[in-house]
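To start, the structure under review is shown below, and the notes come after it.
None of the figures in this text is laboratory data; all of them are computed from the coordinates on show. Keep in mind the model is a prediction, meaning the values are calculated, not measured. Note that each Cβ is placed from the backbone with ideal geometry, even for glycine, and that neighbours are counted across all protein chains shown.
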Amino acid sequence: MATAPYGVRLLVGAAVTAIEETRKLPQTILMSPMTIASQIAQLVMKVQQDVAVLVIKGDETLDTMFPAKEEQPEWATFDEDQPAASSSDGEVVLLPVRDGERLTEGRFALFSEEAPNTTATTASTPEPSTDTPEIVAEIDYQNLTLAQLRARLSSLRIPDLEALLGYEESTKARAPFQTLLANRITRASAK
């Protein structure tokens, strides 16, 4: 077979390419929005990476010019700064502390117990000015944590709940305990 002249081969190749591209045109039109969106997303990510690299270089330069101080703000507390105590099984437990005193109110009341009083006259007895309801001694209320009290609430009657709420308000007045008892009284009364 004889070879066609260069110009003819060029024109035939251009015509075939034009026909192929015309056939692909519907698919190309459908895909172009996704292609454009993909290219824009790629460009945005590249710009973000370049900006991050510049910021890191700026941080490194500023750190060499102005070294950071190794001071701890007075409001910051870390686990290693808090005193440790031993639990009954010998495990070391970190206790929440403020101004040298262990916290037993607020969010820590859920898991903390007050230390029992060591004096013989006031050991596990309330203040002499308050009348202690029988239910307090019956369930050992003074030594219950909030979680332990919550577990026992379903077995208590409304008068017992009201007695516990009155006792709590007249003695320790711990907000989480008062809220728990008041909510239980409301739910039990509604039944």
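A few comments on the model shown:
- Neighbours of residue 149, meaning other residues whose beta-carbon lies under 11 angstrom from its beta-carbon, give a summed charge of +2 when Lys and Arg score +1 and Asp and Glu score -1.
- Here residue 48 and residue 21 are evaluated by their C-beta separation; at R0 = 35 Å the FRET efficiency comes out at 0.50.
- Computed from label points 7 Å out along Cα-Cβ, the spacing between residue 154 and residue 187 is 1.0 nm.
- At R0 = 41 Å, FRET efficiency that the Cβ-Cβ distance of residue 10 and residue 41 yields, to 0.05: 0.60
- A Förster radius of 35 Å combined with the Cβ-Cβ distance from residue 66 to residue 147 puts the calculated FRET efficiency at roughly 0.10.
- Gyration tensor verdict on segment 8-66 (Cα atoms; rounded if a/c is under 1.5, prolate if a/b is larger than b/c, oblate otherwise): oblate
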